[in-house]
């Protein structure tokens, strides 16, 4: 992905059970696409879905979509891994993060497609050997995938500036 595409996104969003004015690197309770850190997306709808999922999982009725200005001009100063679309490298990176117990990486920021539950079914077929990586990528390219950012280090979080939080009520 070129930086020009990233620069078009002034705001990014994070779905949560709370207002997050000061993002932190947190240890997740499950394996995630790009590892531990702070996740955000350029899709406000995706952030609403993330907040809704957290609300339901925790039997709450209220969540938030946190809005940040992202200083994309600074991304070139960080060790970044950027995927413009599903590729073999992306699939292997996601699989390593989701399945290898001690896998870690040293990127500050990772950007690419979300491997959501629907997409992860295809990953399951790939992992079991039922489909090849080429078939996996071909299948995933037929989906309308939203994007996500992982801010993996404290240094990377300095690119974010909190704007507001919007209540999500289920």
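Of the residues that make up segment 148-164, is at least one part of a helix (DSSP H, G or I), modelled with pLDDT of 90 or more and buried (at least 21 other Cβ atoms within 10 Å of the Cβ)?
yes
Residue 34 meets all of the listed conditions (1) farther than 29 Å from residue 142 by Cβ; (2) touching a residue at least 24 places away in the same chain (Cβ under 8 Å) but one, namely (1).
For segment 21-30, the candidate set comprises residues that are in contact (Cβ under 8 Å) with a residue 24 or more places away in the chain and surrounded by fewer than 16 Cβ atoms within 10 Å (Cβ to Cβ); within that set, the residue that is farthest from residue 165 (Cα to Cα) is 25.
Per this entry, residue 96 is counted among residues that are out of contact with any helix residue (DSSP H, G or I) (no Cβ under 6 Å at 6 or more places or on another chain) and either in contact (Cβ under 8 Å) with a residue 24 or more places away in the chain or surrounded by 12 or more Cβ atoms within 10 Å (Cβ to Cβ) (or both). In segment 129-145, the qualifying residues are those that are modelled with pLDDT of 90 or more and outside any helix (DSSP H, G or I), and the one that is surrounded by the most Cβ atoms within 10 Å (Cβ to Cβ) is 131. Residues in segment 112-128 that are surrounded by 14 or more Cβ atoms within 10 Å (Cβ to Cβ) and assigned to a loop (DSSP other than H, G, I, E, B): 114, 115, 116. Within the span defined as segment 91-104, one or more residues are more than 19 Å from the chain's Cα centre (by Cα) and closer than 29 Å to residue 75 by Cβ.
The sole residue among 169, 109 that is in contact (Cβ under 8 Å) with a residue 40 or more places away in the chain, under 26 Å from residue 19 (Cα atoms) and loosely packed, with under 15 Cβ neighbours inside 10 Å is 169. Among the residues making up segment 77-93, those that are part of a helix (DSSP H, G or I), within 21 Å of residue 41 (Cβ to Cβ) and in contact (Cβ under 8 Å) with a residue 24 or more places away in the chain are 91, 93.
Table: residues versus (1) surrounded by fewer than 18 Cβ atoms within 10 Å (Cβ to Cβ); (2) in contact with a helix residue (DSSP H, G or I) (Cβ under 9 Å, 6 or more places away or on another chain); (3) modelled with pLDDT of 95 or more.
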| site | (1), (2), (3) |
| --- | --- |
| 44 | yes, no, yes |
| 54 | yes, no, no |
| 58 | yes, no, no |
| 64 | no, yes, yes |
| 80 | no, yes, yes |
| 84 | yes, yes, no |
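For residue 120, the requirement of being without any contact (Cβ under 8 Å) to a residue 24 or more places away in the chain and closer than 27 Å to residue 18 by Cβ is met.
The values are calculated or read from the model by the stated rules, or taken from the named source; none is laboratory data. Predicted, not measured: the structure shown is a model, and the values here were computed from it. Note that each Cβ is placed from the backbone with ideal geometry, even for glycine, and that neighbours are counted across all protein chains shown.
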